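Only one structure is covered here, and it is reproduced in the block below.
The values are calculated or read from the model by the stated rules, or taken from the named source; none is laboratory data. Worth saying up front: this structure is predicted, and the values here are computed from it rather than measured. Because the Cβ atoms are built from the backbone with ideal geometry, glycine has one as well, and the counts that use them run over all protein chains shown. Heavy atoms of the whole protein, side chains included, go into the accessibility calculation; ligands, DNA and RNA do not. Shrake-Rupley method; radii C 1.70, N 1.55, O 1.52, S 1.80 Å.
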Amino acid sequence: MVDDVTGTSWGHIDGLAVAGPLAGEQLTILPLHMTTWGAWLAAHPSTTVIDIDTGYQYRVQVRLGRDALRGAFLDTLGELDEWLLAGELVIGVLAGSEAMAFPLAARGDAPMQADVDGVPVVILEDAEGAPSLAYHRALSDGQVLTFERRDGAIYDVETGTPWSPSGLGLEGELAGVQLTFVTSFFTEWYGWAAFHPETDIYGAEL
């Protein structure tokens, strides 16, 4: 992607400027949850939405997977790592010098949680059980939490506090505590593997 102010080219996966006046600059990655409208509305009932009648619908095409790519963009990806299917959805997590892909299909009885370069992370979930993003499992006092799924919500085992998909303690001992966001986002496997060829995969024996 190219910004219209400086003409700098930016990597759409990692927000790194790859060419142009700002080459080498890094955009700050903010938490952006992917969820269903129903789960979002249940949590934020006063939400408003933008008008979809913009006149540009004809320019919007949703095509998933590497096979949807064409031309020079496809040429930048190189060889496809075939540990997972190209279009499989993963939550890519970056911590320290390491990367780990958490496939949505790897969800089990408990929320996905692991150490990434020594950082204990958990993939939290929304009200409908859809994974959200990665958050640091360690509190400011050094206590490291473990998480379980119970009664359609995510609780930590140590205090029994329920947690929102954005890492906020909802009630109980840790009500109001905000877990630290760990750089992470939804993406397809082919893109994540191209940008992070040395990535680990949660639940895989590599």
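Here region 114-161 is the region considered, the condition is being more than 20 Å from Ala99 (Cβ to Cβ) and touching a residue at least 60 places away in the same chain (Cβ under 8 Å), and the residue that is surrounded by the most Cβ atoms within 10 Å (Cβ to Cβ) is Asp126. Remark: pairs (first residue in region 40-57, open to solvent by less than 100 Å² (accessible area, probe 1.4 Å); second residue in a helix (DSSP H, G or I) and modelled with pLDDT of 75 or more; Cβ separation under 7 Å; 6+ apart in sequence or on different chains) = Thr47/Trp40; Thr47/Leu41. Within region 1-39, the set of residues being farther than 20 Å from Ala99 by Cα, loosely packed, with under 10 Cβ neighbours inside 10 Å and at pLDDT 85 or above comprises Asp4, Val5.
Do we have any residue at all in region 173-181 that's in contact with a Ser or Thr (Cβ under 7 Å, 6 or more places away or on another chain), more than 27 Å from Gly96 (Cβ to Cβ) and among the charged types (D, E, K, R)? Yes: region 173-181 contains one or more residues that are in contact with a Ser or Thr (Cβ under 7 Å, 6 or more places away or on another chain), more than 27 Å from Gly96 (Cβ to Cβ) and among the charged types (D, E, K, R). Considering Pro111, Pro131, Pro120, which residue is within 17 Å of the chain's Cα centre (by Cα) and within 20 Å of Trp189 (Cβ to Cβ)? Step by step, each of Pro111, Pro131, Pro120 is checked, and only Pro131 is within 17 Å of the chain's Cα centre (by Cα) and within 20 Å of Trp189 (Cβ to Cβ). Restricting region 167-204 to residues that are of a type in the set (Ser, Thr, Tyr) and part of a loop (DSSP other than H, G, I, E, B) leaves a set whose member that is surrounded by the fewest Cβ atoms within 10 Å (Cβ to Cβ) is Thr180. Just to be sure, is Ser164 farther than 26 Å from Leu41 by Cα and either out of contact with any Pro (no Cβ under 8 Å at 6 or more places or on another chain) or open to solvent by 60 Å² or more (accessible area, probe 1.4 Å) (or both)? No, not satisfied.
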